[in-house]
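Input: a single structure, listed below in structure tokens.
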Amino acid sequence: MIKQKDLNFVKLRNVMIVMTIFALWFSVFFSEQIEGYISYALIFSFGILHGSNDIQLIHINAMRSAGKVSRKKVFLLYVSTVLAILLTFSFFPRVAFIFFIIISGFHFGEQHWNKYLIKKTVWNKLLYTLYGLFILFMIFYIKYEQASQVINDISGFQFQEDVYLTITSVIGIALIIQLSFYLYFDFLKVSILEELFFLGIFFIIFKTASLLWGFCVYFIVWHSIPSLVDQMNYLYGISNKWTLLQYLKSSWKYWLISLIGLFGLYFLLKEDNQFFASIMLYFLAAITFPHVIVMSRLEK
């Protein structure tokens, strides 16, 4: 008998596929400028929202683990972490960028694969990281001209196109090898053909759409929305319209603060950065590090 939770997950996955196909159609018939406007709107809403409730999640997780915990202490710890990451990017941009890419890859992979794992092993973290990095470097390679400019603005790194192709290929081969071992030893409950189909869809989206729209489709549809569902399940035991309203009620203040911080960062650094996407990545990096730690604890 199929569990209700599994049925909800299948429904969510079907909705994600439909949304991705619609996004592919949208990228064909609409201009890059319109794609950009909608991408920013989605990232500022769903993208930032899915990380806006971290303080609430940290507080509840800590209370469930250790009893009464001060919300003010949690808030100060979170803000201190975000500021520390921003300072690291300011003084050590290359080191910070490398860690940002690695931890983002891990986070994307953990969100995607954690539900499919039958057995927990020390190698799971490698699987998460390889999958997420493969997605990111596939974007970097396919959209080399746009991506290399953004990467150069943030970190000062400048690589030739063939370097991105080589890195993507090496990561892809390592990912296939690990997945093959996991499937052979029955560590995963997943259809490999379905996963290859999804990767093919991602490739087409990244190839057809602009850099921002391609990233937005993956980040919002395949990461942020499933993450929101996972968070509602953790906080309220179920995800539905009512729990979504509860989630918005508890997170809107932090979401608003995040938006104010983002635009404040933009106006502070706009004279030194040509692309707003570069500014946005600084901010996303700052909130990604604590968010990854929070979600990793919840996934366990």
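The values are calculated or read from the model by the stated rules, or taken from the named source; none is laboratory data. Not measured: the values here are computed from a predicted model. Because the Cβ atoms are built from the backbone with ideal geometry, glycine has one as well, and the counts that use them run over all protein chains shown. Remember, those area values only see protein heavy atoms, side chains included, never the ligands or the DNA or RNA. Shrake-Rupley method; radii C 1.70, N 1.55, O 1.52, S 1.80 Å.
Across the stretch 4-299, what fraction of all alpha-carbon pairs, as a whole percent, falls in each successive 5 Å bin from zero upward? Binned Cα distances yield the sequence 1, 5, 11, 16, 18, 19, 15, 10, 5, 1, 0. FRET efficiency for the pair Ser169 and Asn240, taken as 1/(1 + (r/R0)^6) with r the Cβ-Cβ distance and R0 = 41 Å, rounds to 0.45.
Restricting the stretch 134-173 to chymotrypsin sites (Phe, Trp or Tyr not before Pro) that sit in a DSSP loop and have at most 16 other Cβ atoms within 10 Å of their own Cβ leaves Phe157, Phe159.
Note that the chain presents 54 Å² accessible area per residue, ligands and nucleic acids not counted, probe 1.4 Å. Using C-alpha pairs below 8 Å separated by at least 6 residues, the relative contact order for the stretch 4-299 is 33 percent. Here's how it looks for Leu188: its modeled amide H is under 5 Å from those of Ile118, which are all 5 or more places away or on a different chain.
Of Val95, Val163, the residue with the largest accessible area leads and the full order is Val95, Val163 (1.4 Å probe). What does the charge add up to near Phe206, with Lys and Arg as +1, Asp and Glu as -1, over the other residues with Cβ less than 15 Å from its Cβ? My count for the surroundings of Phe206 gives -2. Averaging Cα coordinates gives a centre for the stretch 71-122 and one for the stretch 136-205; these two points are 19 Å apart. Annotation note: trypsin sites (Lys or Arg not before Pro) in the stretch 97-201 located in DSSP loop regions with a Cβ neighbour count of at most 13 within 10 Å are Lys119, Lys120, Lys189. Ignoring ligands, DNA and RNA, please state the percent of accessible area on the chain from carbon and sulfur, probe 1.4 Å. Ligands and nucleic acids excluded, carbon and sulfur give 70 percent.
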